[in-house]
Amino acid sequence: AQRVTQPEKLLSVFKGAPVELKCNYSYSGSPELFWYVQYSRQRLQLLLRHISRESIKGFTADLNKGETSFHLKKPFAQEEDSAMYYCALSDTGAQKLVFGQGTRLTINP
Amino acid sequence: NAGVTQTPKFRILKIGQSMTLQCTQDMNHNYMYWYRQDPGMGLKLIYYSVGAGITDKGEVPNGYNVSRSTTEDFPLRLELAAPSQTSVYFCASRSWTVDGSSYEQYFGPGTRLTVT
């Protein structure tokens, strides 16, 4: 079964510190993974997708197939990064996403 | 483009009442989805549709029904509201990237439903 696990419900770091949001998945095949973000009073929106190998707002995520992980990282956290972050996995037929439980990130000044 | 719109924003239902959550998108997307978001539980897929006239169950479909008569609209129906259906409901639609290598889901603002 396809599953996404985000082990941290809450994560709090100080401004300027590095931040890492963990995501592990179970999938028998070539996974397609995403990070979605929901800022306060805003809609859930795509942050980045692994296939693009892009850096968005200073965030990067590397797919590690050996460890079945797709952790989200940023070297220097900013207060505006405070939000709810969801890791998501595309199903086999690329018809729907399976979401993790989400991690609420708080950046302290 | 308005994107994905949902109505109402908030609703309180009594146990056993019924209601329809409306979802409309103006991006001509074929794929549409309904999720519920419970605290600490992430997003659970209720139903989805790959085009007009085609719907399929997601992970938690019990107690809900959907229809897709047009590309734009994807209403979610609760027939006999129960306290367990208290949640925030999100509608989403999906488009492929320009190069067709991936896709992105666009979410509505959500409907906060309380059943008492």
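The values are calculated or read from the model by the stated rules, or taken from the named source; none is laboratory data. This is a predicted model, so every value here is computed, not measured. Every residue, glycine as well, gets a Cβ built from its backbone with ideal geometry; the counts of neighbours run over all protein chains shown. Areas reflect the complete protein model, heavy atoms only, side chains present, ligands, DNA and RNA absent. Shrake-Rupley method; radii C 1.70, N 1.55, O 1.52, S 1.80 Å.
Only residues in the range B:23-41 that are aliphatic (A, V, I, L, M) count as the first member; pair them with residues that are open to solvent by less than 50 Å² (accessible area, probe 1.4 Å), Cβ under 6 angstrom, at least 6 apart or cross-chain, and list the lot.
B:M32/B:S49; B:M32/B:F74; B:M32/B:S93
I'd like to check which strands (runs of 3 or more DSSP E) are fully inside the range B:31-110 and have at least 2 residues that are of a type in the set (A, V, I, L, M, F, W, C). Working first, answer last.
Numbers: elements: B:31-38, B:42-51, B:54-57, B:64-66, B:76-78, B:87-96, B:103-107.
So the answer is B:31-38, B:42-51, B:76-78, B:87-96.
Return only the number of the condition from (1) in contact with a Phe, Trp or Tyr (Cβ under 9 Å, 6 or more places away or on another chain); (2) in a loop (DSSP other than H, G, I, E, B); (3) open to solvent by 20 Å² or more (accessible area, probe 1.4 Å) that A:L11 does not satisfy.
(2)
Just to be sure I understand, how many residues within the range A:25-45 are surrounded by fewer than 19 Cβ atoms within 10 Å (Cβ to Cβ), touching a residue at least 40 places away in the same chain (Cβ under 8 Å) and outside any loop (DSSP other than H, G, I, E, B)?
Total satisfying the criteria: 1.
If I ask for residues that are within 13 Å of another protein chain (Cβ to nearest Cβ) and either under 30 Å from A:P7 (Cα atoms) or surrounded by fewer than 21 Cβ atoms within 10 Å (Cβ to Cβ) (or both), which ones from the range B:7-28 would you list?
B:K9, the sole residue that qualifies.
For every residue, the table says whether it meets (1) open to solvent by less than 50 Å² (accessible area, probe 1.4 Å); (2) closer than 20 Å to B:T7 by Cα; (3) modelled with pLDDT of 95 or more.
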site	(1), (2), (3)
B:R36	yes, yes, yes
B:Y48	yes, yes, yes
B:T55	no, no, yes
B:E59	no, no, no
B:N65	no, yes, yes
B:C91	yes, yes, yes
B:S95	yes, no, no
B:G100	yes, no, no
B:G108	yes, yes, yes
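Determine which member of the set A:L21, A:L48 is surrounded by 14 or more Cβ atoms within 10 Å (Cβ to Cβ), without any contact (Cβ under 8 Å) to a residue 40 or more places away in the chain and either more than 13 Å from chain B (Cβ to nearest Cβ) or closer than 19 Å to A:G102 by Cβ (or both). Walk me through it before giving the result.
Numbers: A:L21 fails: without any contact (Cβ under 8 Å) to a residue 40 or more places away in the chain.
Criteria check complete, one pass: A:L48.
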